[in-house]
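The values are calculated or read from the model by the stated rules, or taken from the named source; none is laboratory data. Just so it is clear, the structure is predicted and the values come from calculations on it, not from any experiment. Here Cβ is always computed from backbone atoms with ideal geometry, including for glycine, and neighbour counts include all displayed protein chains.
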Amino acid sequence: AQSVAQPEDQVNVAEGNPLTVKCTYSVSGNPYLFWYVQYPNRGLQFLLKYITGDNLVKGSYGFEAEFNKSQTSFHLKKPSALVSDSALYFCAVRESYNTDKLIFGTGTRLQVFP
Amino acid sequence: EPEVTQTPSHQVTQMGQEVILRCVPISNHLYFYWYRQILGQKVEFLVSFYNNEISEKSEIFDDQFSVERPDGSNFTLKIRSTKLEDSAMYFCASSQGSLSGYTFGSGTRLTVV
C-alpha cells in the first residue's frame, strides 16, 4: 500500500540557516511526489512536484526538493530560511497515472526563529 | 491569484442531520476533489470528480456521501446523515490536469454534536 512518512513533527531552524524537512515514501509503482504548505487558517498551498526528469525540482518561495529513488525520499530544502516560512508542511505521493488519489504525510511544523 | 473558495468556514450540525459543504473551484480547472482531515490526523482523500462524474472514491466515501457540480461553477459535498465521526476539516481542491498540483480551499470545519 502507498504511504508517506514525515518522521519529524517539528523542525526548528534559525533565520538565514538552511532548512530540511524530511519525507520518505512507499509505493509499488513510479511515484509522483508533492509538497504542500499550510499557513494558519488557510488551505494547502502547492509548493512543488516531482513527476519525472531531474531529481532536483525547484518550487515556489525558493524551496526545492530532491527525489532519491534508492532511499525512497523526497526531502524539502531551502538554502536560507525566513521567519515567514514558519508553517505546516505536508508531503504527498500519488502512486501512478491511474489514480487521482494523493496520500499525505502527517505534516511537519517548521518554526523559523529570528 | 485564483483561489478555491469554500463556504461555510465552520458548520455545526446535529447528528443525523444532512449537511452540504460548498466549494467554488478555479474556473478553468477540470478536476475536482474533496479531502478531509480529522483533528490531529492525516489529510485523507475522499473523492475525485472529472467530466461530471466521480472518477475515484475512497472507502470513507460511502453511501452517506455524494458530490455534485450543479451549475458548472459550484462543487458540493453532501453528507446525508451525519455521524459524530464525520467531524473534521473538509478541503475542496481543483486542478487543471491530473498531474498538476492541486489548489486547495481553506476548508470547512464540520462539527457534529
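For the stretch B:34-58, residues that are among the acidic types (D, E) and either within 9 Å of chain A (Cβ to nearest Cβ) or within 21 Å of B:M15 (Cα to Cα) (or both) total 2.
Scanning the stretch B:18-31 for residues that are modelled with pLDDT under 95 and within 11 Å of chain A (Cβ to nearest Cβ) yields a single hit, B:Y31.
For the stretch B:16-43, a residue qualifies if it is closer than 14 Å to B:C92 by Cβ and among the charged types (D, E, K, R), and the qualifying residues are B:R22, B:R36.
In this structure, does B:Q96 turn out to be touching a residue at least 40 places away in the same chain (Cβ under 8 Å) and buried (at least 17 other Cβ atoms within 10 Å of the Cβ)? No, not satisfied. Scanning the stretch A:77-114 for residues that are away from chain B (no Cβ under 14 Å) and of a type in the set (A, V, I, L, M, F, W, C) yields a count of 6. Go through the residues of the stretch B:59-74 one by one and say whether even a single one is among the hydroxyl-bearing types (S, T, Y) and modelled with pLDDT of 95 or more. Yes, because at least one residue in the stretch B:59-74 is among the hydroxyl-bearing types (S, T, Y) and modelled with pLDDT of 95 or more. Of all residues in the stretch B:15-31, those that are surrounded by fewer than 16 Cβ atoms within 10 Å (Cβ to Cβ) have Cβ atoms under 6 Å from Cβ atoms of residues that are among the small types (G, A, S), 6 or more apart or on another chain, in B:G16/B:S81. The residue that is modelled with the lowest pLDDT, among those in the stretch B:75-99 that are in a loop (DSSP other than H, G, I, E, B) and either on the phi > 0 side of the Ramachandran plot or at the interface with another protein chain (Cβ under 8 Å from one of its Cβ atoms) (or both), is B:S98. Please work out if A:S86 is more than 24 Å from B:M89 (Cα to Cα), touching a strand residue (DSSP E or B) at 6+ places or on another chain (Cβ under 6 Å) and of a type outside the set (F, W, Y). It is false that A:S86 is more than 24 Å from B:M89 (Cα to Cα), touching a strand residue (DSSP E or B) at 6+ places or on another chain (Cβ under 6 Å) and of a type outside the set (F, W, Y). Quickly run through the stretch B:100-113 and pick out the residues that are of a type in the set (D, E, K, R) and within 7 Å of chain A (Cβ to nearest Cβ). Matches in the stretch B:100-113: none.
The strands (runs of 3 or more DSSP E) falling completely within the stretch A:31-105 that include 1 or more residues that are of a type in the set (K, R) and crowded, with 17+ Cβ neighbours inside 10 Å map to A:44-50, A:73-78, A:87-94.
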